């Protein structure tokens, strides 16, 4: 006796689902490979000197596979920037997690940002190429997406301790984000990054001391 028709349909659907899952997994693996290769090449060569052809050769994938995930070189670079930004944010949060009190958290986050501005990958991709490729306004909005909400939260805790006026929290968040970004850009573009990092750290310490005591 033949199995019920609905049983055979279930088998066909299960097999189709397995094929879809395998295709999705292969697609994600290809996408991850492209981002990993492009991250290394953008960091080593810069955006302008990294060609799509070079990424394809290094990653060992077809042009069609690349354009399936990223319709342009800029789209690939944007995915790289987002990935690097996520790593950047995770390192900042890890450094700040052990700090005692909101001002100490703010200081740890800012000093980690300055240190990471000297990291070869962060330096080239986030602080040198991203503002050029996306333009200042878009780069700034991407940075705010990751950082501004956290900064507001920390400053609100500082205001709750009576160390700044609550009505200044939002504006102060913008001011401090701009300040630490400027220091990070100075570090990234400096010929003597170690000296720039030391000067930047001293400046942040002085600024936070004067603002919050």
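When 103, 126, 121 are screened for being more than 14 Å from the chain's Cα centre (by Cα) and in a helix (DSSP H, G or I), only 103 passes. Residue count for region 66-77 satisfying the condition of being outside any helix (DSSP H, G or I) and under 20 Å from the mean Cα position of the chain (by Cα): 2. In region 37-65, the residues that are assigned to a loop (DSSP other than H, G, I, E, B) reach residues that are surrounded by fewer than 19 Cβ atoms within 10 Å (Cβ to Cβ) with C-beta atoms within less than 6 angstrom, at least six apart or across chains, in these pairs: 47/133; 61/30. When the residues of region 44-61 are filtered to those that are over 20 Å from residue 123 (Cβ atoms) and surrounded by fewer than 12 Cβ atoms within 10 Å (Cβ to Cβ), the one that is modelled with the lowest pLDDT is 60. Scanning region 176-196 for residues that are part of a loop (DSSP other than H, G, I, E, B) and exposed (fewer than 14 other Cβ atoms within 10 Å of the Cβ) yields a count of 2.
In the set (1) out of contact with any helix residue (DSSP H, G or I) (no Cβ under 9 Å at 6 or more places or on another chain); (2) over 16 Å from residue 110 (Cβ atoms), the condition left unmet by residue 189 is number (1). For region 162-175, a residue qualifies if it is loosely packed, with under 12 Cβ neighbours inside 10 Å, more than 25 Å from the chain's Cα centre (by Cα) and assigned to a helix (DSSP H, G or I), and exactly one does: 167. Is it the case, given these coordinates, that residue 28 is surrounded by fewer than 17 Cβ atoms within 10 Å (Cβ to Cβ) and at pLDDT 90 or above? Answer is no for this residue. Within region 154-161, is there a residue that is without any contact (Cβ under 8 Å) to a residue 40 or more places away in the chain, in contact with a helix residue (DSSP H, G or I) (Cβ under 6 Å, 6 or more places away or on another chain), within 23 Å of residue 90 (Cα to Cα) and assigned to a helix (DSSP H, G or I)? Yes: one or more hits. Only one of (1) at pLDDT 90 or above; (2) on the phi < 0 side of the Ramachandran plot; (3) surrounded by fewer than 18 Cβ atoms within 10 Å (Cβ to Cβ) fails for residue 145. Which number is that? Just one mismatch for residue 145, condition (1).
The values are calculated or read from the model by the stated rules, or taken from the named source; none is laboratory data. Computed from a predicted structure; not experimentally measured. Methodologically, a virtual Cβ is constructed for each residue, glycine included, from the backbone with ideal geometry; neighbour enumeration extends over all protein chains shown.
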